[in-house]
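The structure appears below as structure tokens.
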Amino acid sequence: MKRFFSGLRKKATTAVKDDDRFGTGLWRHNRDRFIRAVDRYYTTAVALHEARDSGGSTTSSAASADTSDGEATPASATDPVDVIVDGTHRLNALVDVVDDLTATLHAHCPVTGQVVPGPTRQAVGDVPELLTKASSKVGEAVLAASMARSEGPTGPSIDSSAEATARFISDAEELLGRAREILARVEAS
């Protein structure tokens, strides 16, 4: 029983450290929303990967091709499942970006509620919206990956779903890049 409560104590300590680093208001909310979207993407990508490796239901025109001697070649570098799975690496890098952004926001412009006060709003500009839109783009990538996961063995190729996930992740990267530019100006002032 003692071990059970010691685990709870560790979680509470981590939460306090996160509260100190990211705050408890809007910045923390944006960070947590982004991380939840990344977690959903990861879960979907892993399920796709496992389904493919176990001979599951994902199909692709790029998964294998017949050679002139009738043998199948291994999945190509542009296998749509690999494109979706590679998105997890790109999103993991973006989690670090979101952590840095929200920590910077909390350090320079702390917000305790869900509303950004006027003077803070002038300083941070569109950063709150950019963070929200980036989370939404990751959510759209999750939906696209889910569409690929739902395709049956006789269904259409999942190439378009893989392309959509890559595009949505690129959109999230671009939005977070814009947020970084704005915050660089905030830090400089």
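So here's what we get for this one:
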read-out	value
Heavy atoms of His108: accessible area, 1.4 Å probe, square angstrom to 10	100 Å²
Under the Karplus curve 6.51 cos²θ - 1.76 cosθ + 1.60, θ = phi - 60°, whole-Hz ³J(HN,Hα) for segment 82-99, x wherever Gly or Pro sits	5, 4, 5, 5, 4, x, 5, 5, 5, 5, 4, 5, 5, 4, 4, 5, 5, 4
Lys17, Lys137, ranked by accessible area, largest first (probe 1.4 Å)	Lys17, Lys137
Local electrostatic count at Met147 - Lys and Arg +1, Asp and Glu -1, tallied over other residues with Cβ under 12 Å	-3
Formal net charge of residues neighbouring Val97 (Cβ-Cβ distance under 9 Å; K, R +1; D, E -1)	-3
Share of carbon and sulfur in the accessible heavy-atom surface of segment 127-189 [1.4 Å probe, %]	53 percent
Sequence of Ile35, Ile84 when ordered by accessible area, the most exposed leading, probe 1.4 angstrom	Ile35, Ile84
With all protein chains modelled, accessible area of Thr120 [1.4 Å, Å²]	20 Å²
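The values are calculated or read from the model by the stated rules, or taken from the named source; none is laboratory data. Given the structure is predicted, the values throughout are model-derived calculations rather than measurements. Quick reminder, even Gly has a Cβ in these numbers, built from the backbone with ideal geometry, and neighbours come from all protein chains shown. These area figures cover heavy atoms from the full protein model, side chains too; ligands, DNA and RNA do not enter into them. Shrake-Rupley method; radii C 1.70, N 1.55, O 1.52, S 1.80 Å.
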